[in-house]
Each structure stands twice: as structure tokens, then as C-alpha cells.
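What follows is a set of notes on a single structure, which appears directly below.
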Amino acid sequence: QETLMGKYGEDTKLIYELQDQGGELLALRYDLTVPFARYLAMNKITNMKRYHVAKVYRRDNPATTRGRYREFYQCDFDIAGQFDPMIPDAECLKIVHEILSDLQLGDFLIKVNDRRILNGVFAVCGVPESRFIHACSTVDKLDKVPWEEVRSEMVGEKGLSPEAADRIGEYVQLHGGLDLIERLLQDPALSQNKLAKEGLGDMKLLFEYLTLFGITGKISFDLSLARGLDYYTGVIFEAVLLHQENEHVEEPVSVGSVAGGGRYDGLVGMFDPKGRKVPCVGVSIGIERIFSILEQRLEASGEKLRATETQVLVATPQKCLLAARLKLISELWDAGIKAEMLYKKDPKLLKQLQYCEDTGIPLAAIVGEQELADGVVKLRDVATRQEVRM
């Protein structure tokens, strides 16, 4: 349990805790990033590039229609190691862009920001450093609720002054590209802040690399992006699917986040007894979220999806031929061919062919008494009903 505690900020309350029979305090993993950092630290690895697809658990309110579950798969890609600024970060964004384009989920947008820019904004707006993380988790709600609600939470619950909240509001509602970065670099207050200046300098570099990758069309530098997790230290990003309600809408509506990530340079050091740091940047794709969108799309289009990869069904037309089916299917399996048969001693041929049609199995290999006598198999194309003996 202590591996997970103190890494996620406000989200800590979503961790599933459990006690085993010996009274040891355990917890189910909340994401794949913290275990990755622990692994690097324990094995003294300073350089690694890897992907990992596995289950994680969150004590969340499930909303299955939106692909939000308590047990779900994440697909993570991370680059750990000491490299020059923004090169691995740009590659992570390129990968998100490539995946979302290849899946053909429709229009998407990758929002990018930097924790240092956010902290710089909080500092110049008069937020004490001890309240940065609280302010951050409140700003993170901007994609779900309007600024007025976020402002009242900042003032009411997080103890910020109304003036500070209003100044933050002027910044966090900005979004754009290189032009916005240039403008903020000239901003009289922000340009005096060391953190913000560093973050904006790196952001400019990132956009130069993304331009070379040819993907800036789908990327937006968005100051409202905060990502609620504590461990991010630099660049942060989140991919959202856009959903055109109807033709008259200027701004497309977001369906929700399907991927997110960022730079977490301090996490490995938290697990290292000597506090040695390994800089890391990574991205996580939410598989269920994407599946629920693909499923809705299939339903709407009325397309039939094949749920099996079986290439051939081994069938028999008469009774007492189970032995022939078992022998033939065994040969097909040994040859690496994906084959099935019905688990009945004497199924009717029509039933077997109907099963092929229902599941989309393209071929039926039929062995009857005549075929056995001739030493052949009748291969039937289920869709066209053509047959060949071989």
C-alpha cells in the first residue's frame, strides 16, 4: 500500500485498499506509471523505453456507457532516461497522434500544457506555494464544469483570494499554438517567473519538434489543462475525441479523454533509497474508453462484427462420424489452422452450416461416409455455397 500512497494527490481516495489474512496493508494498483517507477528504482535502471498493457483498479463511480469502469485496461508507453529536452516528449505525442489516427475514431485534439507554466501562473497570481497542488486539482475540472464553478471552488474550498482567482482565470482560459507561447514569453508578469519561463521555453521547443513531425494541426497549447495527479513535473498532455453535434456548432464538443500523460522526473527518486532521479515521460491510452466509442459506432452503422477468428468448421453430414471429425480437426490444429467443431456427437449438417453463418466462419470442411471412402474432404464456401473436393 505504501508504494501507492502519496503519489496521486486528491485521487488517493480512489485507490482500492485491502488487508490480507496476515494483516499486511495492501492495495490494488491505480495505474501503470507508479509500478514502472518502482521497478526502475529497485533494479537501478536509468534508461528504458517500453510499453505495457495491463489492468488497473479504481474505486470510482462506474459509468459503463462512457467506458468508465472500476477494473480496466491501460496501455502505457514510457521513455526513461537522461536526454535532451523535449525530444522524447515529442515522440510520445507523435505516438498518441498515430494511434488515434489509425483507429479512425473521428476528429481528436491533443491538449498540451506544462506543470511549470501552471505553477508560474499560480505564483504570479499570488497563490502561496503550499496551495499550488490544490489550485491545480481545481483547474483540472475546467473541462467538465464552467469557469464560474471552478472559481467558486478556488475561493470557497481552496482558500484563494477572489483577486487571485480572477487573475488565474485570465490565464487558464487561453489556448492556441506557437503564437500564444510567444505572447506569454513577452507577458510582463510571467516572463519574470523562472518556472514559467523555463516551461514556456521548452513548450516552444516542443512545438518546433511537433511541426517537424507534421502533427501540430491536432495539438493545442491549453493553459486549462492540469491533470490531477501529483507526480507530473513538466509537460502534460491529454487527448480528447471531438464530437460534432450538428453542422451549426462552431466549436466541436469533446466526448472525453481517451489518452493522457506527461513528464514525471521525480517519481523514480521517491523509490530510490539514495533518492537518485531518472527523468521519465510517458503516455497512457484508455482502452475501454475507445472500445465503448467503437461499439457505439458499430451499433449505429448496423455493421456486423465477427467475434471469432476461426477459419474453418469441421462438419459431418451423417451420424456416428465424431471420430472422423476429431481426427481431421486435430490435423488442422497441428497445422496451425484455426478450426472449430460443434461439441455434439451427431449434429445435423444444417445446424453446423447455420453456425458458420451466425459466427461468420468462411469455410466448412465436410467429411461424410463417401468422402472417407474416397479419401477426400469436401470444402464448402459458406457464403457462395460452392464446394470442392480435395
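Which members of segment 161-197 meet the condition of being touching a Phe, Trp or Tyr at 6+ places or on another chain (Cβ under 9 Å) and closer than 15 Å to ARG131 by Cα? Of everything in segment 161-197, those that are touching a Phe, Trp or Tyr at 6+ places or on another chain (Cβ under 9 Å) and closer than 15 Å to ARG131 by Cα turn out to be ALA164, ILE168. The set of residues in segment 60-88 being among the basic types (Lys, Arg) and either under 16 Å from VAL34 (Cβ atoms) or open to solvent by less than 90 Å² (accessible area, probe 1.4 Å) (or both) consists of ARG68 alone.
For the condition at positive phi, assigned by the TED database to the domain that holds MET270 and either loosely packed, with under 12 Cβ neighbours inside 10 Å or among the hydroxyl-bearing types (Ser, Thr, Tyr) (or both), LYS13 does not qualify. If the condition is being open to solvent by less than 30 Å² (accessible area, probe 1.4 Å) and more than 13 Å from VAL121 (Cβ to Cβ), then segment 155-179 contributes LYS158, GLY176, GLY177.
Among strands (runs of 3 or more DSSP E) entirely within segment 1-100, having at least 2 residues that are in contact (Cβ under 8 Å) with a residue 60 or more places away in the chain singles out 71-80.
Which one of these is open to solvent by 70 Å² or more (accessible area, probe 1.4 Å), more than 33 Å from the chain's Cα centre (by Cα) and not aromatic (Phe, Trp, Tyr): LYS327, LYS304, LYS338? Show your work before the answer.
Numbers: LYS304 fails: more than 33 Å from the chain's Cα centre (by Cα); LYS338 fails: more than 33 Å from the chain's Cα centre (by Cα).
That would be LYS327, the only listed residue that is open to solvent by 70 Å² or more (accessible area, probe 1.4 Å), more than 33 Å from the chain's Cα centre (by Cα) and not aromatic (Phe, Trp, Tyr).
Residue selection: LEU109 fails the criterion of being part of a loop (DSSP other than H, G, I, E, B) and either touching a Lys or Arg at 6+ places or on another chain (Cβ under 7 Å) or open to solvent by less than 50 Å² (accessible area, probe 1.4 Å) (or both). Picking from residues in segment 357-378 that are without any contact (Cβ under 8 Å) to a residue 40 or more places away in the chain and farther than 15 Å from THR310 by Cα, the one that is most open to solvent (accessible area, probe 1.4 Å) is GLN370. When residues in segment 180-198 are screened for being open to solvent by less than 70 Å² (accessible area, probe 1.4 Å) and of a type in the set (S, T, N, Q), 2 of them pass.
The values are calculated or read from the model by the stated rules, or taken from the named source; none is laboratory data. Here the structure is a predicted model, which is why all the values come from computation and not from measurement. We place every Cβ from the backbone using ideal geometry, glycine too, and count neighbours over all the protein chains shown. In case anyone asks, the SASA skips ligands and DNA or RNA and just uses the protein heavy atoms, side chains included. Shrake-Rupley method; radii C 1.70, N 1.55, O 1.52, S 1.80 Å.
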